[in-house]
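The values are calculated or read from the model by the stated rules, or taken from the named source; none is laboratory data. The structure presented is a predicted model; accordingly, all values stated were derived computationally and were not measured. All Cβ positions, glycine included, derive from the backbone under ideal geometry; neighbour counts span all protein chains shown. For accessibility, only protein heavy atoms count, side chains too; no ligands or nucleic acids. Shrake-Rupley method; radii C 1.70, N 1.55, O 1.52, S 1.80 Å.
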Amino acid sequence: LITEKQSILFDFFDWPKRAASTPGGKRLVVVGVSNTLNLIDQLMPSVQSRIGTEKCIFKAYSLKDIVNILKKATHVQGYSFFEDDAILFAAKKTAALSGDIRKAFQICRVAAEVVTQRFEKAIAENQQQAGSCPKIRISDVQRASQESFNKALVTAVSLLSPFEALLLVSLAALCRSTGRQGGFDIQDILTKMEAIASSGGDPHYLPPPSFNETILLMNRLGEMNLVELKKGRDLSRPSAWPLTSLIVDELTLLKGFKNTPHKYLVQRNLPSLF
């Protein structure tokens, strides 16, 4: 939906006005749902003019809410397959990240699947008494949490658009060439992206993204926990724009781009990964 001039979004939010101005037209309401509170601020002024001012903010689940929900979901006929510490860890992990209950369910599901497979294998090898019930401990949830997080990052990388892939590879290349872990100014990033896109000649990355497009790309990748945006503190290089750092490591980029067209972009600019 997000094009260069955001014309599709403009038309989408302009529908209610068009419907109201049509003779005999019906009342039309467009409702938008966003995971961020500043989404409107990231849109072009023309699109903002078509979006109303009414907002309904849904608060994230608290730690207590998540614990109660998980306990009810994991109790079956009076038996809890999860230890209390395991549920508390999953709840704390979720509350600290986003408060999204789906993340807690995902962590618990992965932990339950691993423990169930291990339990069934033990029964088959006569190492576990048949008829007993498995118990998911905090160590199982900890491993599941790390596995889910890594898998989610790899999946997110594999689904990136050409410009998003170009931005991540450019950041990784900057880290290599400068020896810094991050904190790159937007002008550094724009210059690197242009150099990589031009040298490769791949039409998927040409012409490279503009300044405004790059700002949108960085915000989107920040929301996906792939990059980190921080306000610069270097008074010798004052900037109204945040400094950008790559959160994911090169191995995650390798796994994510391995079966995508972007693997050639990585191969050319991060050759030791292949």
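Summary table below
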{"quantity": "Failed criterion for Asn38 (all others in (1) open to solvent by less than 80 Å² (accessible area, probe 1.4 Å); (2) in contact (Cβ under 8 Å) with a residue 12 or more places away in the chain; (3) not basic (Lys, Arg) hold)", "calculated": "(2)"}
{"quantity": "Helices (runs of 4 or more DSSP H) enclosed by the range 98-189 - at least 3 residues per element that are closer than 25 Å to Leu253 by Cα, among the polar types (S, T, N, Q) and touching a residue at least 12 places away in the same chain (Cβ under 8 Å)", "calculated": "138-158"}
{"quantity": "Residue under evaluation Ile247, criteria (1) aliphatic (A, V, I, L, M); (2) more than 21 Å from Arg268 (Cβ to Cβ); (3) surrounded by fewer than 14 Cβ atoms within 10 Å (Cβ to Cβ), criterion not met", "calculated": "(3)"}
{"quantity": "Of the criteria (1) open to solvent by 100 Å² or more (accessible area, probe 1.4 Å); (2) not in a loop (DSSP other than H, G, I, E, B), which one Leu70 fails", "calculated": "(1)"}
{"quantity": "Test: residue in the range 92-105 that is within 22 Å of Met224 (Cβ to Cβ), acidic (Asp, Glu) and either within 20 Å of the chain's Cα centre (by Cα) or open to solvent by 20 Å² or more (accessible area, probe 1.4 Å) (or both)", "calculated": "yes"}
